[in-house]
Amino acid sequence: MARLEEAQVEFYHQQGYLVLPNLLTNEEMQAPIDAMKQKVSQIADELFEAGLVQDKLEHRPFEYRLAELFEGLSEQEFLKYGRSWRDRLPGYFTLMSNTKILDAVESLIGGEIFSNPVYNVRPKVPKVAAGAVPWHQDKSYWPDANSNPVITVWISMVDATEENGCLHIKPKTHCEKLLEWHNETYTGTGYTALKESQLGKNPTVALPVKAGTAILFNDRCLHMSTPNNSNGVRWSVDLRYQPIDQDRMPQHGVGFLARSYRYPNRVATLEDWLANKPERN
Ligand SMILES: O=C(O)CCC(=O)C(=O)O
């Protein structure tokens, strides 16, 4: 098992976040990237059939194809597909069950791990306001859930830079209570957001990272991301994990038992997940 070092665990608990540079290899990223490519091809087909694009750009690289498909189209055309995706494609289950990710999470919350139903594939294309995410705490999306601790594992599928809108975080804010949030009205997607006056004095840390890097953070840690000012897509995935004896948040979908030493026979398989079953019977 690839346990986190003691100093990393300590950093996470003190700062509320932890960066694991190059956690995943290109090979490990291939399955989720293939799932994303599948969805992009489906979108290209639909745009082509609707006469919105004349070229499906089949030969353009993963990092650019979706951005170029929407280059001449409106923000509303893009948002029809959602600012983040939660398709049930096998490649995402492969990623959520990745041993290295689960080992890191185990180091923080123990080996009884439930994969929370809230996961997002983020195709952050340039010039779409909803790409930039305002300051918030993830817990604002499940304020009443009795789930603690929930850990977000944010993974970059391409290099995330200050230009294409990497993640920014305010260390140590995870020790604060859940702040009163509002739903913003300028992106068309109603993100939960905090006012400038609520952000406190903690400095902001920008987190540009290479593809395959994971950023783990507590669901009360303040974070945001800036607009994508590049020509490519800032592809990322954010996954969430929690101990198995906590609220599974069915109002958000069906998560799954990802690792258990106590109930190894109940750990969900791909077939269970595809059938919306949280664990083996
Ligand atoms: O990927 C982003 O730009 C924002 C991610 C985020 O807010 C989250 O994972 O909770």
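The values are calculated or read from the model by the stated rules, or taken from the named source; none is laboratory data. Treat the numbers as computed from the prediction; the structure is a model and nothing was measured. FYI the Cβ positions are ideal-geometry reconstructions off the backbone, even for glycines, and counts take in every protein chain you see. Areas reflect the complete protein model, heavy atoms only, side chains present, ligands, DNA and RNA absent. Shrake-Rupley method; radii C 1.70, N 1.55, O 1.52, S 1.80 Å.
Points worth noting:
- Residues of the stretch 165-186 satisfying the condition of being surrounded by fewer than 19 Cβ atoms within 10 Å (Cβ to Cβ) and among the hydroxyl-bearing types (S, T, Y): T185, Y186
- Subset of the stretch 1-25 [touching a Ser or Thr at 6+ places or on another chain (Cβ under 9 Å), open to solvent by less than 90 Å² (accessible area, probe 1.4 Å) and polar (S, T, N, Q)]: Q8
- Residue in the stretch 26-41 that is touching a Leu at 6+ places or on another chain (Cβ under 6 Å) and either farther than 30 Å from H174 by Cα or loosely packed, with under 13 Cβ neighbours inside 10 Å (or both) present: yes
- Of the residues making up the stretch 65-117, those that are within 24 Å of Y12 (Cβ to Cβ), open to solvent by 10 Å² or more (accessible area, probe 1.4 Å) and of a type in the set (V, I, T) are T99, I109.
- Qualifying residue in the stretch 217-236 (condition: more than 30 Å from L66 (Cβ to Cβ), of a type in the set (F, W, Y) and modelled with pLDDT of 95 or more): no
- Scanning the stretch 167-190 for residues that are more than 13 Å from the ligand (Cβ to nearest atom), touching a residue at least 40 places away in the same chain (Cβ under 8 Å) and not in a helix (DSSP H, G or I) yields P171, K172, E176, K177, L178, L179, Y186, G188.
- Inter-residue pairs, beta-carbon under 8 Å, first closer than 17 Å to R88 by Cβ and in the stretch 259-281, second among the hydroxyl-bearing types (S, T, Y) and part of a loop (DSSP other than H, G, I, E, B), 6+ apart: E279/Y263
- Just one of the listed residues (M224, M249) is more than 25 Å from A160 (Cβ to Cβ), of a type in the set (A, V, I, L, M) and either open to solvent by 10 Å² or more (accessible area, probe 1.4 Å) or touching a residue at least 24 places away in the same chain (Cβ under 8 Å) (or both), namely M249.
- If you go through the stretch 215-274 and keep only what is under 18 Å from D87 (Cβ atoms), more than 15 Å from the ligand (Cβ to nearest atom) and in a loop (DSSP other than H, G, I, E, B), you end up with G253, V254, G255, A268.
- Within the stretch 191-210, the set of residues being more than 13 Å from S225 (Cα to Cα) and part of a loop (DSSP other than H, G, I, E, B) comprises L194, K195, L199, G200, K201, N202, P203, K210.
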